[in-house]
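Visitor: The structure that follows is given in the form of structure tokens.
The values are calculated or read from the model by the stated rules, or taken from the named source; none is laboratory data. The model shown is predicted, which means the values in this text are computed figures rather than measured ones. FYI the Cβ positions are ideal-geometry reconstructions off the backbone, even for glycines, and counts take in every protein chain you see. Note: accessible area is taken over every heavy atom of the protein model, side chains too, but ligands, DNA and RNA are not part of it. Shrake-Rupley method; radii C 1.70, N 1.55, O 1.52, S 1.80 Å.
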Amino acid sequence: MSVEESTRAPTIAVGDRFDAEMTLSRQSIADFAHACGDANPIHVDDKAAHGWGFDDIIASGPHTSALFGALLATYFVRFGQALGLELHVRFLRPVTSDAPFRIVWEIIGIARNEKLRGYLVSLSGRCEQNRAAALSGSAKVVVRPRAGVTIVDSSDAPAV
């Protein structure tokens, strides 16, 4: 995972971006589809995938959306406690096997939430493979920062 703000003190602020690159093997695609109960043969059978016009089997929606959302937890637990509240995903094109893809998230809003005893972080994300958008989405995560972490909520951000 790369993080643009990696050289400064632990801070979460609007505009921060984080990303990860990964590659799914044919076997991992088939295994995940089986594990989550997705019986669509386009995830395990070339002939079925070709019937839909795909060159190869494709990752299931639950697979790609799970990876999309998991990056949020992986990133935010570095700063303290984190809990996902919303994840919206739009599938734009399939993610295929044996080709790297990149997930990128950007923080677009932060607000203190007393009821949740933390900060509500709003994000916009995307997943790209072969220079084309495969997924887009948004998310909301509650972060309860550990000592020493600075959260710059949207009301503290300098005016533009």
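Visitor: Return yes or no: is residue 143 crowded, with 17+ Cβ neighbours inside 10 Å and either hydroxyl-bearing (Ser, Thr, Tyr) or within 27 Å of residue 34 (Cα to Cα) (or both)?
Guide: No; evaluated as a whole, the condition is false for this residue.
Visitor: For region 11-28, which positions are open to solvent by less than 20 Å² (accessible area, probe 1.4 Å) and of a type in the set (A, V, I, L, M)?
Guide: 12, 13, 20, 24
Visitor: OK, next. Looking only at region 29-73, count how many residues are over 29 Å from residue 120 (Cα atoms), out of contact with any strand residue (DSSP E or B) (no Cβ under 8 Å at 6 or more places or on another chain), open to solvent by 40 Å² or more (accessible area, probe 1.4 Å) and in contact (Cβ under 8 Å) with a residue 24 or more places away in the chain.
Guide: Qualifying residue count for the region: 3.
Visitor: Please determine, by comparing only the residues of region 47-64 that are assigned to a helix (DSSP H, G or I) and under 19 Å from residue 130 (Cβ atoms), which one is farthest from the chain's Cα centre (by Cα).
Guide: 50
Visitor: Of all residues in region 1-24, which are modelled with pLDDT of 95 or more and hydrophobic (A, V, I, L, M, F, W, C)?
Guide: 12, 13, 14, 18, 20, 22, 24
Visitor: Still on this structure, please answer the following. From 86, 106, 128, grab the single residue that is surrounded by 20 or more Cβ atoms within 10 Å (Cβ to Cβ) and closer than 28 Å to residue 12 by Cα.
Guide: That would be 128, the only listed residue that is surrounded by 20 or more Cβ atoms within 10 Å (Cβ to Cβ) and closer than 28 Å to residue 12 by Cα.
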